[in-house]
1. For the range 107-136: of the residues being part of a loop (DSSP other than H, G, I, E, B) and more than 26 Å from residue 43 (Cβ to Cβ), which is modelled with the highest pLDDT?
2. Taking into account only those residues within the range 2-37 that are in contact with a Lys or Arg (Cβ under 8 Å, 6 or more places away or on another chain) and within 24 Å of residue 127 (Cα to Cα), which is surrounded by the fewest Cβ atoms within 10 Å (Cβ to Cβ)?
3. Working only within the range 62-73, note down all residues that are surrounded by fewer than 16 Cβ atoms within 10 Å (Cβ to Cβ) and either part of a strand (DSSP E or B) or of a type in the set (Asp, Glu) (or both).
4. Looking only at residues that are in contact (Cβ under 8 Å) with a residue 12 or more places away in the chain and over 28 Å from residue 125 (Cβ atoms) in the range 81-97, which one is surrounded by the fewest Cβ atoms within 10 Å (Cβ to Cβ)?
5. Only one of these is surrounded by 15 or more Cβ atoms within 10 Å (Cβ to Cβ) and not aromatic (Phe, Trp, Tyr): 59, 50, 78, 44. Name it.
Amino acid sequence: MWEVLADPTRWPERTPSMTSVELLDGGPLGPDARVRISQPRLPVMVWRVVAWRPGESFVWAASSPGVRTVATHTVVPVGERHSRLLLGVFHHGPLAPLARLLTGRLTCRYIGMEAAGHKAAAEAVANPGTGTPRPR
């Protein structure tokens, strides 16, 4: 799962919730990396990795006037060959309640799409030759 998660430039291939993902600093995803993400029906955002635990988790944050959005990505081992992916999005700041009201349902739907896409991609990595379907 980590191999799939740590390569966000491939995310648009796996989920219709992402239009484009661009690493802005020329290197792989890692501490302090900046990533520009375009999603349908949402403004383009630049996210900065604020916490990085290779193989386990990362957290990135993006700011807009009055709102700081933090997204968590955590891989939890479950048994010898399985893992669980935990995704979370949190809004902070004076306009956070408004952001939740305006985008909350869409955000929940997109998180579900992303989780399904990551799952399919991780299963394809674990079972080569099965392809990586793009969930709808």
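The values are calculated or read from the model by the stated rules, or taken from the named source; none is laboratory data. Nothing here was measured: the structure is a model prediction, and the numbers come from that model. Because the Cβ atoms are built from the backbone with ideal geometry, glycine has one as well, and the counts that use them run over all protein chains shown.
1. Just the residues of the range 107-136 that are part of a loop (DSSP other than H, G, I, E, B), to begin with: 127-136.
Restricting the remaining residues to those that are more than 26 Å from residue 43 (Cβ to Cβ) gives 127-133.
Numbers: 127: 78, 128: 70, 129: 66, 130: 55, 131: 53, 132: 48, 133: 52.
The selected residue is 127.
2. Step by step, filter the range 2-37, then rank; the result is 13.
3. First pass over the range 62-73, keeping only residues surrounded by fewer than 16 Cβ atoms within 10 Å (Cβ to Cβ): 63-66, 68, 72.
Hits for the range 62-73 are 63, 64, 68, 72.
4. At the first step, the residues of the range 81-97 found to be in contact (Cβ under 8 Å) with a residue 12 or more places away in the chain are 81, 83, 85-96.
Next, only the ones that are over 28 Å from residue 125 (Cβ atoms) stay: 90-96.
Numbers: 90: 13, 91: 19, 92: 14, 93: 15, 94: 9, 95: 15, 96: 15.
Only one residue tops the list, namely 94.
5. Numbers: 50 fails: surrounded by 15 or more Cβ atoms within 10 Å (Cβ to Cβ); 78 fails: surrounded by 15 or more Cβ atoms within 10 Å (Cβ to Cβ); 44 fails: surrounded by 15 or more Cβ atoms within 10 Å (Cβ to Cβ).
Matching residue, one of 59, 50, 78, 44: 59.
Condition check ((1) touching a residue at least 24 places away in the same chain (Cβ under 8 Å); (2) farther than 20 Å from residue 85 by Cα; (3) assigned to a strand (DSSP E or B)) across all residues:
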site	(1), (2), (3)
9	no, no, no
12	no, no, no
22	no, yes, yes
36	no, yes, yes
43	no, yes, no
52	no, no, yes
